[in-house]
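Taken together, the values in this text are just the output of simple stated rules run on the coordinates, not laboratory data. Just so we're clear, the structure is a prediction, and the values are computed from it rather than from any experiment. Using ideal geometry, Cβ is built from the backbone for each residue, glycine included, and neighbour counts are taken over all protein chains shown.
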Amino acid sequence: MRYKLLPQYQNGNDHDGSFAINGFVINHNPLNVRQKFSLISLFSRISLRRWLIISLLLTIISFFYFNELIPTQFRGWIRLPPKVNFYCFRVRNPSTSVDDYGQLLFSTQFKPSSSNHRLRSDSRILLFVETQYSRLGRQLIEVFESLRFKYKAELSNRPWSTATPFINQDKGKFSVIIFENLHKYFKLNQYNRQLLDDYCREFHVGIIGFLNNNHTANNSSTIITQSLDTNYPVKIKSGYQLKDYQLNPAATNVLHITRSSSISLGPIIGDDWFVFEPPPPPPPRGISNITAHYSNSFIPIAQALINDFFVDTYPGGYRYSTFNRSYVHSLQSKERNNVDYYNNYKEHLMTTVLLDNGSFDGIQRILFGNGFDRSWLHKLLFIDSLHYLSNGKLSLPLKRYIQIDIDDIFVGERGTRMKQADVDALVEFQQRLQLFMPGFRFNVGFSGKYFHRGFDVENQGDDQMIRMARHFRWFCHTYSHSQAHITTNQTAIENELIANQGFARNNNLPVDNDYIVSPHHSGVYPVHEPLYDAWKNVWKVRVTSTEEYPHLRPSYLRHGFIHKGIMVLPRQTCGLYTHTIFIDRYPGGRDKLEKSIFGGDLFYSFIFNQVNVFMTHQSNYANDRLAPYAFESVLKFLQCWTNLELHSLSPIQMAKKYFQIYPEERDPIWMNPCDDRRHYNIWSTKKSCYQFPRFLIIGPQKTGSTALYTFLQQHPSLLTNLPSNRTFEEIQFFNGPNYQKGIDWYLEFFPLSNLMDKFNISTTISNVTPALNNNNMNGTLVHNQRNYFARTPPNYLEESMHYYEKSSTYFDGEQVPVRVHSLLPHARIVMILISPTFRAYSWYQHMRVHNLSVALQFSFYEVVSLNIPDKHLLDKITMKRLRDLRNRCLNPGMYAIHIERWLSFFPQQQITIIDGEELRRNPISVMDHLQTFLKLEPHIDYRQKIRYDHHKGFFCPINPSTNGTKCLGKSKGRQYPKMNRLAWKYLHRYYWHHNLALSKLLNRLRINLPNWLVTELSKKS
């Protein structure tokens, strides 16, 4: 960052002492006359020859240093770490005699309503965007997802015909409505505008709008004034260059996270700012009620000065040159002049964020003059706007829980490691952090093998860390810093942990057994089962952390999960890695690091995440000590600009707090390692991308899914999964408890060896990398960091031979589509539909055959209708079983609901719907179309593979050895008694609207309606 002094101070006048530019303090203490003469007399005694020698030495040192020819280990010894020089500045009213009309008005008459009307709307946001690719729209969605707020995005030009977009029965669907382009709100046609405004008044819903520079940008220096709407008294002006961004003390009630009265000194990005011009405040006497009404409705939230307005003294009595360091000119001493100056100061303040408190027309609005690109503060004010307009429903608490890990404390290249002075500085820095977070302690991770592997001065630093061990919490990596995923030998992993355990014991390290971190996040996610088992056996681990779940980027989507009782916390990066150790070599320059600190990614990590686990490395506390610089700077910045309360907890307490706040994240979502290069490189080399099935038959049950499954087995390019001991040919992984067993368990049903044997292919489809020499199984691991992230996932989707799976319980599972899409995003989905009435009856009869007690005890009509004589006499257990059977009979038949759920995750091109009746009557035609959909090669003639069996009454595969048929067992193709007429009528009425919705859905997808559906809809309900 580079800043210039105002012209009045460039000549050195009136800036004795320390001064600040944009919040950074610069010390300026000129020598007095006596000190100057003393130094002159001292320098005069040095001979010319000595001066030449000194100059030559300085020249040589500068040449080597700035040309980076000095070895790294010596560069670190002569550098001075950057100093934290941020200083917070606040604006205060100069005198109590200066009346701020907005403060009084805002604190009394127009406080946010706590009416029950707000409770009648969901905690959800409606966002109107220009296009799905608009920059501000994407930034707003990123904020919602970071805060975990529910939202719906719509195009702003979409017409509304009724109030149904906003209301669900008697409850509002949204708590806040946002327009990416404020002009689109004011330019709505009369009907839609009235519809929206009526909704906002009835349910006390607020509106947030942004002015979009793309529409009315002013490229000249001319100030342009225009109206937002003829009936709205606020005008907008464009063409301003602004400086000294500040918050209005009168807007305190709007602010939640943001601290009021702060000011950011210096120029603001952009030379064409939009500002708002609300009606002027009423004069003391002689005003009309209308003027007062208008002016009292609008209160500035954020303001900035016109760039060419010179500030001699800020409100509160602080000179520009001293900024709150000394009271050079106290405004209290000359009250009349101070009031005049303050009024002049206020006249040059432009409003960039404006509150319409609702007294004008009954609708609360917050208007932004620009988006997020020009000021980091707008994003923070936007978050507080959501809090204010939703009456706290869309809000986060102010408490933040912070943990900072220092990984690899003894691991690092020689010349980059910590020395004794760095360790002492770390202890001192920890004490300073305790001023922000009482009780704070660093968590220090160690790999004992690399102890004393540096230069002598660095080995002394290792010794000092051991001596200072009691000041920190220690946690284990692996002894040789090895990656767990390179072996499936659990004993080898345990030996690594035991060796590190011995190192800790020999050096009296106070290790936290609950917490552990895997080097390079190997084996944490994607989950490597032997690692989790070894952790539990050796260290009794309960908590770990990773930056890889569900993906490294975007960072705001990192979440936690629990696997095998071990709580996995999301890790945040602070922009510092093992190689970022010198500020002048920081990627993107020092400005990029400071942008992250002062209102950028690091700052917003604290804002968005209630629980923060930060990853740093030992090298970040040596060399230029960038980690202390970054964290102390951002904490001071947070203290200046926010009301956040920072707390420090132990790792086990952090984990419990995290899942207390986010209980919905306890269950993991398994992603496909082959679609993420980072994940692929920390995934076991014993697994292969080719093991994942390429398509799924998802049912529902009793529609012919097993018959289709057996027909596909006849295709020469397909291989199905191994059978399950409990569920036979169905794995049922994506629904039920099997999902918690993880990917390793799932892939056991698709062995790579079977694929290789059937298709006679080589090991080229395996995941093994020849460069990794870690096949030894003698209980040791080889650390080979050079191959980290070196492998490229194969293009496994192009292979013509592959696995497939059939589990008919997937169709109606609520969580199944998202789980399938996460693990198998490219998979094709096959559905089979028959009449839901006959499907329900078939399932009931299926349960009778399997001797389910309630199916044997009650008739089909009694089950589906629950119309049972003396039902009140039934015990709770029987009623529960009865309802469960009814749900399994009826719920899968709500076809449209379930298909829509699948379509929300998979495009139509990946889904096919088969008519179950057609599959039964003419399977050869169905299989011909299915081969085309699945892109199977070769395309075979199924007349050579299946034949009608007159004994069974349906088609069966042909046995090539006997040329006869090989049909399914006696449990398939049963003939059931005819359905009771009363039950048929009940189900016909029950499914009428569901069948109607299905017909509309199929028409939308341009799929021909099956005959059974046409028949069902042609009969009267």
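Gap in Å between the Cα centre of the range 665-713 and the Cα centre of the range 935-1007? Here the two parts' Cα centres lie 25 Å apart. Label-to-label distance, Q908 versus L866, with points set 7 angstrom from Cα along the beta-carbon direction: 3.7 nm.
Partner lysines whose Cα lies under 22 Å from the Cα of K592, excluding those fewer than 8 positions away in the same chain, are identified as K4, K83, K243, K379, K636. The length gained by stretching the chain between I924 and Y191 to full extension, at 0.36 nm per residue less their Cα-Cα distance, is 258.3 nm.
Mind giving me the FRET efficiency for N643 and R148? R0 is 25 Å, r the Cβ-Cβ distance, nearest 0.05 is fine. Once rounded, the FRET efficiency stands at 0.80.
One Cα centroid belongs to the range 402-475, the other to the range 561-627; the line between them spans 17 Å. Sorted on the mean count of surrounding Cβ atoms within 10 Å across their residues, most packed first, peptides 365-374, 497-506 read 365-374, 497-506.
You can think of it this way: the chain between K970 and K656 has 107.8 nm of extra reach, that is 0.36 nm per residue less the Cα-Cα gap. Working from label points 7 Å from Cα in the Cα-to-Cβ sense, the N253 to K540 distance is 5.4 nm.
Here the calculated FRET efficiency for R201 and L856, from their Cβ-Cβ distance with R0 = 45 Å, stands at 0.15, rounded to the nearest 0.05. Cross-link check: pairs K702/K978; K173/K657; K399/K657 evaluated at a Cα-Cα cut-off of 20 Å; pairs beyond the cut-off: K173/K657.
Got a sec? How would H826, H715 order by Cβ neighbour count within 10 Å, fewest to most? Walk me through the numbers before you get to the answer.
Values: H826 15, H715 21.
The order, fewest Cβ neighbours first, is H826, H715.
Taking label points 7 Å from Cα along the Cα-to-Cβ direction, D667 and D373 give a separation of 4.2 nm.
For L265, the residues whose amide H sits under 5 Å from its own are N22, G23, ignoring neighbours fewer than 5 places away on the same chain, with H placed 1.01 Å from N.
Kindly list the residues of the range 631-650 that lie in the label zone of S123, defined by a backbone N under 20 Å from the point 7 Å along the Cα-to-C-beta vector. Those under the cut-off are 644-645.
Multiplying the sequence separation of D875 and F933 by 0.36 nm and subtracting their Cα-Cα distance, what value in nm do you get? Can you show the working numbers first?
Values: separation 58, 0.36 × 58 = 20.88 nm, distance 5.01 nm.
Gain on extension, D875 to F933, equals 15.9 nm.
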